[in-house]
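I have placed the structure first, in the form of structure tokens, so that the comments after it can refer back to it.
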Amino acid sequence: MVKKSELTPTMTIRGVTLFQGLLNRPEQVQILEDLREVARAAPFFRPVTSRGQQMSVRMTSAGAVGWISDRKGYRYQDHHPDGQGWPRIPDSILAVWTRVAPDAREPDSCLVNFYDPDARMGMHQDRDEADLDQPVVSISLGDDALFRIGNLTRGGKTESVWLKSGDALVMGGPARLVFHGIDRIRAGSSQLLPDGGRINLTLRVAR
Ligand code: SIN
Ligand code: MN
């Protein structure tokens with residue numbers, strides 16, 4: 001198969017490819033505008049774990065299915081907790097997937113995580129998807145976040161990198177199941193979001 005032309009990553013850490021500064025300011029602003037529409041149709045909610053613990057991030061989704069967690073556990077489902085279907089993934093976001101993962105199937109899920117300055121995300125794998133040959137693409141907007149990359153099993157040495165507004169990264173191939181998480185947010189490091197904070201978009205082929 002002829003490979004479509006691929007961008008060169010700015011950095012690769014443990015097989016995770018980073019595209020730092022991929023999105024210019026107008027592209028970031030366009031995505032943000034499109035996300036406002038998404039959030040109007042599918043308002044942010046604060047998920048709880050099956051043990052009833054509140055997660056510190058607020059979430060919503062776009063696409064055919066969205067990732068949710070509640071007292072029944074976590075899963076992909078085709079509707080928001082309020083009952084309505086998820087809005088479609090905006091073209092401005094799909095375009096990023098096409099740039100960094102041109103050979104992959106089209107994503108059917110875009111998780112939108114909002115981090116206030118105190119929010120974090122514990123180390124975890126993305127492994128609820130049916131086809132693990134398809135990559136995960138993540139886009140950062142707003143305040144800087146310290147992203148930690150571990151191993152294919154829990155524990156062991158890790159490496160960290162600050163993700164900035166407009167950065168994208170791909171977890172694919174041998175790094176598809178790498179443990180990762182967000183240790184902290186650098187409050188006030190970006191002016192993109194009017195009230196501060198950080199948005200992470202995680203695009204996946206879930207089904
Ligand atoms: C996640 O892995 O769920 C989020 C990663 C990030 O916020 O950059
Ligand atoms: Mn993840």
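Taking every C-alpha pair closer than 8 Å and separated by at least 6 residues, the mean separation divided by the residue count of region 107-202 gives a relative contact order of 45 percent. Of the three principal axes defined by the Cα atoms of the chain, the extents in descending order read 43, 39, 38 Å. For the chain, what does the relative contact order come out to in percent, with C-alpha contacts under 8 Å and a separation of six or more? After rounding, I find 25 percent. From least to most packed, judged by other beta carbons within 10 angstrom and beginning with the fewest, Met121, Met59 follow the order Met121, Met59. As a proxy for reagent exposure, His180, His124 were ordered by neighbouring Cβ count within 10 angstrom, fewest first; the result is His124, His180. In loop segments of region 1-83 as defined by DSSP, the trypsin sites (Lys or Arg not before Pro) with at most 10 further C-beta atoms inside 10 Å of their C-beta are Lys3, Lys4, Arg51, Arg71, Lys72. Here the label points at Lys157 and Arg51, each 7 Å from Cα along the C-beta direction, are separated by 3.0 nm in the simple model.
Readers should treat all values here as calculations from the given coordinates under stated rules, not as data from a laboratory. What you see is a predicted model, and the numbers here were worked out from it, not measured in a lab. Methodologically, a virtual Cβ is constructed for each residue, glycine included, from the backbone with ideal geometry; neighbour enumeration extends over all protein chains shown.
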